[in-house]
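One structure below.
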Amino acid sequence: MNFEERKNLLAGKKQSHILDFYDQLNDEEKHILLSQIDAIDWDFQQAFQNKDHPSSDTEIEEIDALHIQQIIAQRDTFQAIGLDAIREGKLCLLLLAGGQGTRLGFDKPKGCFNIGIHKRLYIFELLIAHTLEVVHAANAWIPIYIMTSNINYKDTVNFFEAHNYFGYRAEYVHFFVQELNPATDLDGKILLKSKYELALSPNGNGGWFSSMHKAGLLDTIFESNLEWINVFSVDNVLQRIADPVFLGATIASGKMSGAKVVRKAFPEEKVGVMCKENGKPHIIEYYEMNEEMLNKRLPDGSLAYGFGAILNYLFPIHRLKETLDQAMPLHVVKKKVPHIDKNGVLIIPDEPNAYKYETLALDLIHKMDDCLIFEVEREKEFAPVKNKEGVDSVDTARVLLEKNGYTL
Ligand code: UTP
């Protein structure tokens, strides 16, 4: 595309303001701006148009889980199936580490946060230690893919290298970068971070499979023995990764995916819960549920929509492959985004001033035909580090780690 074509494209998309400062830029800055324009995925405009009109033709139903008691009763069988699969090289891991961790307010990748008190214990270190337990039990290495954003890629890779991969074999660890989407103002106009840069941010945690594809990682996966991918977030410091019991139970169930869940602590708890939407597994956000759904109970007294997803999923690779050409829906999220105004002056907002456009892992679950909902003990497997203080914070995670026998 030449300059005139780009100018016309932006005019057609009602985004001509992006070039307002173009005449003031040097050659390098012009090049940066033009390549960012070329990389824009314009799907965000559709998401902006639809944001106030969620589709209404959906039927939501409750979905049951494999309960803890049922898992305990078959634990040895599931574990043996899972360990065999790992030994046969069927499992790989995907660590979602591309988030910006704005709520925690830590200026490095979240995994570099030291959750220790008297001794050093980085979040990445803890996740690798959990994985190494399974590697030793199965006596087989498990490939780990780590998704970063371009913002935290270098810091993440350098951190692993500086710490010798925390005892993991470097050849089994692969990093890749997720894509970025532009942020817009509340009228849908793309914001500028500077006179020659768009305000870009990671495109959410649902686009990892297509990002792996774009990074050229999938061909070797498709040619390998790998059958399952365990996807998990960086910030649940108690979660069991590569859990052979979860893997074995999912394989034994014959279902197309697996999701670890915990029981909600109380009806209004702010977690997304598992359900069925039009017959497909789905996660409904707490703010999408009405009073009746929030409080609906089953005959045994438990909440009908009572299983909160903890972002730890199993997906079969062959099924994911079939979804590659299907677009992931973009969710529009209101956030605070620094930007320059029409005079080139930097604005640091105090209140949410912008929309970000994000894919979500839960939409990938919806593309699967069914899902094993696998209940885990909240106190043993759920300690998210989201906030600086209060709920789901460093302090609450430390208390839970200590309760589980960790020395901090
Ligand atoms: P969160 O939804 O908690 O987002 O991510 P975040 O960016 O880490 O934190 P806040 O909202 O700014 O405070 C859940 C998981 O998804 C990953 C995160 O790294 C975390 O493991 N994630 C999130 C990505 O990998 N990419 C993204 O674009 C967003």
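In segment 166-188, how many residues are outside any strand (DSSP E or B) and crowded, with 18+ Cβ neighbours inside 10 Å?
In the first step, residues of segment 166-188 are kept if they are outside any strand (DSSP E or B); the result is 166-172, 178-179, 183, 186-188.
Restricting the remaining residues to those that are crowded, with 18+ Cβ neighbours inside 10 Å gives 168, 178-179, 183.
The qualifying residues number 4.
Of all residues in segment 141-165, those that are of a type in the set (D, E, K, R) and buried (at least 17 other Cβ atoms within 10 Å of the Cβ) total 0.
Please list, ordered by residue number, the strands (runs of 3 or more DSSP E) wholly in segment 250-314 having 3 or more residues that are out of contact with any Cys (no Cβ under 7 Å at 6 or more places or on another chain) and more than 19 Å from Val385 (Cα to Cα). Please lay out each step first, then the result.
On the way: elements: 258-263, 273-277, 280-284.
Once the strands (runs of 3 or more DSSP E) in segment 250-314 are filtered for at least 3 residues that are out of contact with any Cys (no Cβ under 7 Å at 6 or more places or on another chain) and more than 19 Å from Val385 (Cα to Cα), what remains is 273-277.
Of all residues being small (Gly, Ala, Ser), part of a loop (DSSP other than H, G, I, E, B) and open to solvent by 10 Å² or more (accessible area, probe 1.4 Å) in segment 196-241, which is farthest from the ligand (Cβ to nearest atom)? Just the residue, please.
First, the residues of segment 196-241 that are small (Gly, Ala, Ser): 199, 201, 204, 206-207, 210-211, 215-216, 224, 233.
Add one more test, that the residue is part of a loop (DSSP other than H, G, I, E, B), and what stays is 199, 206-207, 215-216, 224.
Next, from what is left, pick out any that are open to solvent by 10 Å² or more (accessible area, probe 1.4 Å): 215-216, 224.
Numbers: Ala215: 14, Gly216: 19, Ser224: 23 Å.
Applying the filter and picking the extreme gives Ser224.
Applying the criterion of being in a helix (DSSP H, G or I) and within 16 Å of the ligand (Cβ to nearest atom) to the residues of segment 126-146, the residue that is farthest from Gly390 (Cα to Cα) is Thr131.
Does any residue of segment 287-304 turn out to be among the basic types (Lys, Arg), in contact with a helix residue (DSSP H, G or I) (Cβ under 7 Å, 6 or more places away or on another chain) and open to solvent by 20 Å² or more (accessible area, probe 1.4 Å)?
no
The condition (being of a type outside the set (A, V, I, L, M) and modelled with pLDDT under 90) is satisfied by just one residue among Pro329, Pro349: Pro329. Out of segment 4-16, which residues are open to solvent by 70 Å² or more (accessible area, probe 1.4 Å) and either aliphatic (A, V, I, L, M) or part of a helix (DSSP H, G or I) (or both)? Listed by number, the residues that qualify are Glu4, Glu5, Lys7, Asn8.
Just checking: which of the helices (runs of 4 or more DSSP H) contained wholly in segment 17-96 hold 3 or more residues that are closer than 28 Å to Trp208 by Cβ, touching a residue at least 40 places away in the same chain (Cβ under 8 Å) and open to solvent by 30 Å² or more (accessible area, probe 1.4 Å)? Give the steps one after another, and end with the answer.
On the way: elements: 27-38, 43-50, 68-73, 75-87.
By residue number, 43-50, 75-87.
If you check Ala129, Ala138 for being open to solvent by less than 10 Å² (accessible area, probe 1.4 Å) and over 18 Å from the mean Cα position of the chain (by Cα), only one passes: Ala138.
Where in segment 325-408 are there helices (runs of 4 or more DSSP H), lying wholly inside it, with at least 3 residues that are free of Cβ contacts under 8 Å to residues at least 40 places away in the same chain and over 30 Å from Ala183 (Cβ atoms)?
On the way: elements: 361-366, 378-381, 394-403.
Where helices (runs of 4 or more DSSP H) fall fully within segment 325-408 and carry at least 3 residues being free of Cβ contacts under 8 Å to residues at least 40 places away in the same chain and over 30 Å from Ala183 (Cβ atoms), they are 394-403.
In the condition set (1) out of contact with any strand residue (DSSP E or B) (no Cβ under 9 Å at 6 or more places or on another chain); (2) more than 16 Å from the ligand (Cβ to nearest atom); (3) open to solvent by less than 90 Å² (accessible area, probe 1.4 Å); (4) not aliphatic (A, V, I, L, M), Phe106 is compliant with all but (2). The set of residues in segment 294-311 being within 16 Å of the ligand (Cβ to nearest atom) and touching a residue at least 60 places away in the same chain (Cβ under 8 Å) consists of Ile310, Leu311. Only one of the numbered conditions (1) touching a Ser or Thr at 6+ places or on another chain (Cβ under 6 Å); (2) polar (S, T, N, Q); (3) over 28 Å from His213 (Cα atoms) is violated by Thr156, and that is (3).
Just one of (1) over 21 Å from Val273 (Cα atoms); (2) within 12 Å of the ligand (Cβ to nearest atom); (3) open to solvent by less than 80 Å² (accessible area, probe 1.4 Å) fails for Thr359. It is (1).
The values are calculated or read from the model by the stated rules, or taken from the named source; none is laboratory data. Keep in mind that this is a model prediction, so the values were computed, not measured. Ideal geometry is used to build each Cβ from the backbone, glycine not excepted, and the neighbour counts take in all protein chains shown. Areas reflect the complete protein model, heavy atoms only, side chains present, ligands, DNA and RNA absent. Shrake-Rupley method; radii C 1.70, N 1.55, O 1.52, S 1.80 Å.
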